[in-house]
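For reference, the structure is listed below as structure tokens.
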Amino acid sequence: MGIVIISGVILGAVYVIVATGLTLTALPTGVFNFAQGAIVVGGSFLGYQWLTVVGMPFALALLVTALAGAAVGVLCELIAVRPLRWVRGAESSNTIVTTVGVSTALVGLYGVKWGYQPQVVPFPGPSVVFRLFGESISPVDIVLVSLAVVAPIALHLWVRQTRRGQACLAVAENREASMLRGVNVDVLSIGAFAAAGTLGALAGMATGPITYAIPTLGTALALGGFVALALGGSGSFTGGLIGGMLVGLVSSAATRYINADYSDVGVLVLLLITLAVRPKGFGGSAETRRV
Amino acid sequence: MRIPRRAASGLAASILVLSVGACSSSGSSSDTSSSSTGGTGASSSSASSSTINILVMADTTGPTKAYGSQELAGLMAAVNYYNNKGGIDGHKVVVTHISDNGDPATSASLLVNELSTNPGKFTMVYGGAEGTVIQALIPVIARYPVIAAAAGDDSLCSSVKTCPHQFSQVGPNALPQQTDATWMQSKGYKKVGILEEQIAFTESETPAFKADLTTAGISNSEATFTDSAVDLTAEMSQLKAAGAQAVFVLAVGPAAGYALKARAALNWNVPILFDDAASSFDITTLVSKSLYANSFQTLRPVCVATLASPAYKDLVANLPAGTKITLPANLVADGWDPIVMLDSAVTQAHSTNDQALTSALENLDAAGQSNPEYLLTPKLQFSATNHENIADVPGNFAIVPVQPIVNGQVAVGSKS
């Protein structure tokens, strides 16, 4: 049982990180950036590149990867999201297509640069194995899970307790009204994509030692992150945390106690039940409208 | 070595092939490069040509480029080898390579274009080792006077009536699994766990392996996972709970690493045996040395330094400049052996005509069957029903401890 929980939490942590990036971009823009999974994978490849190929010091590798992630996030906004705001008749759902397009392009670029064979991303920390509830857990697992817990909670607090965060919520609620109140939605949008890119790339350095750097992994991560978000509630960082962990745990338990064939089915059944009972997900709140 | 892809894409490709064929070929861009010596070699009749032209469809740009590049390197080494000796039966060999991005539909379309715009130019087509690509090429090749070689398996050509010019250097899919089951039996295991990646290739292997285990008196328990899985702890835990004494992993790429990590996470020192697909990659690059201890891989003898044929030295010596063997040597051998096969056929037939070559390959003489330059299998003898190599036997696989791959081979080659 212990190992099922541990492996479920580790798997869930990966989805939480992707879901957090999705929420980060969705809050001030209403856009689900389906390239977020590919950005995470890009962080894994950069970790491999800097640490294994170049031999860069870890702190510098973190910094360069964070900057690269921010740059990719900004490019994503400029290429796949912003132009659609200028197109008459374009809807926010069109960005699903464009961000999937960016994801596909990124995967292709990774393939050209690093090939499609798995690359091992080194973990610079200790290699000792700890025991938790009688099961093995490695330092990289601890780092990944810590990041997956701290990042959404910190972002939740930031959104709730800072003016900039409140502005994000306001834009999510009503973009036009926010603009009229002086909120610079373009800056928020760029900032959100840059922050999500940074988070995704750094998370890639943490997930890479576990998953390896593989170009095609991005799609699976994006899908898992999206399901986590749907479970947890769109626009809620803590909901994404709960949703991601649930996806990981249910997937792991279904695999262990039923069959791996049913792991995806188990997750989707959970999603259906959740949405039937709470259409906004665990972390979403019902909208009230006075008539 | 066959590189699995989804069967669905193969079906789609086959449909597209028929469409392409029906509509004749349309212009398509291709990265065509001639290599080796000699001129263009174009002529209206391959039989009267002074050169032997070979068309190679190998992915050197797409998702399977790591494999395709190795196959092409092996093939070019063989071409260099024979050209340096004066050619095959006096004919210089010229290679035209087209990268198909590993996509069956693209490959078929490019092949139609190449064969229809250069009638009679090519003596042989090499379609690589990727199952769905080969399947997509078969209906095209059947319509042109050209022979084709591939390291495919028994599912590729069901009958010589539908693929009269297609020859497979290797035997049925189930062969390595027979070796694996025999190995399990020799170790005295009574219950084996099967960890299977849900892709078309491995799913086609598992039933045969289960049957072999049953024959050997070994029961089994199976856990499967999707190709998007990034952690196999739960699956391995399932096998541990089922009481498996050894685990057989049928997978490709990173899954081998996930399995070894899961075993360590479970603190379970069960022996792991990787199938031939999982073994087509240097598993030691995925995990630290302590994690791959007590694990084994299924390899062709060419991948084992102490078991490989002396001909492997010829391959290495004739590799194109700047080329390195980066994966297990069965991949370069996949490219090398078709040229050796062609040498056997042309030498026997004294002709490069497709009918004469087909007849020669169907009735290879003793010298052709046991050409010392063969690397994948020591002997080549084609089935009369589907042109697969019936001389490929379970003994043509070795099971050795997982070790680093250096120049395509593991250093220590004891048949564990």
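The values are calculated or read from the model by the stated rules, or taken from the named source; none is laboratory data. Computed from a prediction, not measured in an experiment: that's the story for all the values here. Methodologically, a virtual Cβ is constructed for each residue, glycine included, from the backbone with ideal geometry; neighbour enumeration extends over all protein chains shown.
Specify which of the listed residues (B:257, B:253) is under 24 Å from the mean Cα position of the chain (by Cα), within 14 Å of chain A (Cβ to nearest Cβ) and assigned to a helix (DSSP H, G or I). Break it down into steps so the answer makes sense when it comes.
Numbers: B:253 fails: assigned to a helix (DSSP H, G or I).
Among B:257, B:253, only B:257 is under 24 Å from the mean Cα position of the chain (by Cα), within 14 Å of chain A (Cβ to nearest Cβ) and assigned to a helix (DSSP H, G or I).
Listed here are the residues, each with its yes/no results for (1) touching a Phe, Trp or Tyr at 6+ places or on another chain (Cβ under 7 Å); (2) assigned to a helix (DSSP H, G or I); (3) modelled with pLDDT of 95 or more.
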{"residue": "A:22", "(1), (2), (3)": "yes, yes, no"}
{"residue": "A:63", "(1), (2), (3)": "no, yes, yes"}
{"residue": "A:68", "(1), (2), (3)": "no, yes, yes"}
{"residue": "A:71", "(1), (2), (3)": "no, yes, yes"}
{"residue": "A:85", "(1), (2), (3)": "no, yes, no"}
{"residue": "A:91", "(1), (2), (3)": "no, no, no"}
{"residue": "A:105", "(1), (2), (3)": "no, yes, no"}
{"residue": "A:121", "(1), (2), (3)": "yes, no, no"}
{"residue": "A:126", "(1), (2), (3)": "no, no, no"}
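Would a scan of the stretch A:183-194 turn up a residue that is of a type outside the set (Phe, Trp, Tyr) and either part of a loop (DSSP other than H, G, I, E, B) or within 14 Å of chain B (Cβ to nearest Cβ) (or both)? Yes: the stretch A:183-194 contains one or more residues that are of a type outside the set (Phe, Trp, Tyr) and either part of a loop (DSSP other than H, G, I, E, B) or within 14 Å of chain B (Cβ to nearest Cβ) (or both). On the basis of being of a type outside the set (A, V, I, L, M) and surrounded by fewer than 18 Cβ atoms within 10 Å (Cβ to Cβ), does residue B:288 make the cut? Yes: the conditions hold for residue B:288.
A count restricted to the stretch B:194-243 and to residues that are among the charged types (D, E, K, R) and either over 24 Å from the mean Cα position of the chain (by Cα) or away from chain A (no Cβ under 13 Å) (or both) stands at 7. If you go through the stretch B:266-285 and pick out every residue that is more than 16 Å from the chain's Cα centre (by Cα), within 13 Å of chain A (Cβ to nearest Cβ) and crowded, with 24+ Cβ neighbours inside 10 Å, you end up with 1.
When only residues in the stretch B:171-193 that are part of a loop (DSSP other than H, G, I, E, B) and more than 16 Å from the chain's Cα centre (by Cα) count, which is farthest from the other protein chains (Cβ to nearest Cβ)?
Just the residues of the stretch B:171-193 that are part of a loop (DSSP other than H, G, I, E, B), to begin with: B:171-174, B:187-190.
Then keep just the ones that are more than 16 Å from the chain's Cα centre (by Cα); that gives B:187-190.
Values: B:187: 26, B:188: 28, B:189: 23, B:190: 23 Å.
Here the answer is B:188.
Of the residues making up the stretch A:209-259, those that are within 9 Å of another protein chain (Cβ to nearest Cβ) and aliphatic (A, V, I, L, M) are A:210, A:214, A:217, A:220, A:221, A:223, A:253, A:254. The residues listed here are A:112, A:74, A:97, A:121; of these, the one that is within 30 Å of residue B:99 (Cα to Cα) and touching a residue at least 40 places away in the same chain (Cβ under 8 Å) is A:121.
Among the residues of the stretch A:146-157, is any among the polar types (S, T, N, Q), over 20 Å from residue A:76 (Cβ atoms) and part of a loop (DSSP other than H, G, I, E, B)?
Checking the stretch A:146-157: not a single residue is among the polar types (S, T, N, Q), over 20 Å from residue A:76 (Cβ atoms) and part of a loop (DSSP other than H, G, I, E, B).
Going by the conditions given, is residue B:30 modelled with pLDDT under 50 and farther than 24 Å from residue B:135 by Cα? No.
Suppose the filter is more than 19 Å from the chain's Cα centre (by Cα), within 27 Å of residue B:278 (Cα to Cα) and not hydrophobic (A, V, I, L, M, F, W, C); does residue A:119 pass it? Criteria met by residue A:119. Looking only at residues of the stretch A:1-60 that are touching a helix residue (DSSP H, G or I) at 6+ places or on another chain (Cβ under 9 Å), polar (S, T, N, Q) and within 14 Å of chain B (Cβ to nearest Cβ), we find that the one that is surrounded by the fewest Cβ atoms within 10 Å (Cβ to Cβ) is A:7. Selection of the stretch B:286-299 for residues being within 9 Å of chain A (Cβ to nearest Cβ) and aliphatic (A, V, I, L, M) yields B:286, B:287.
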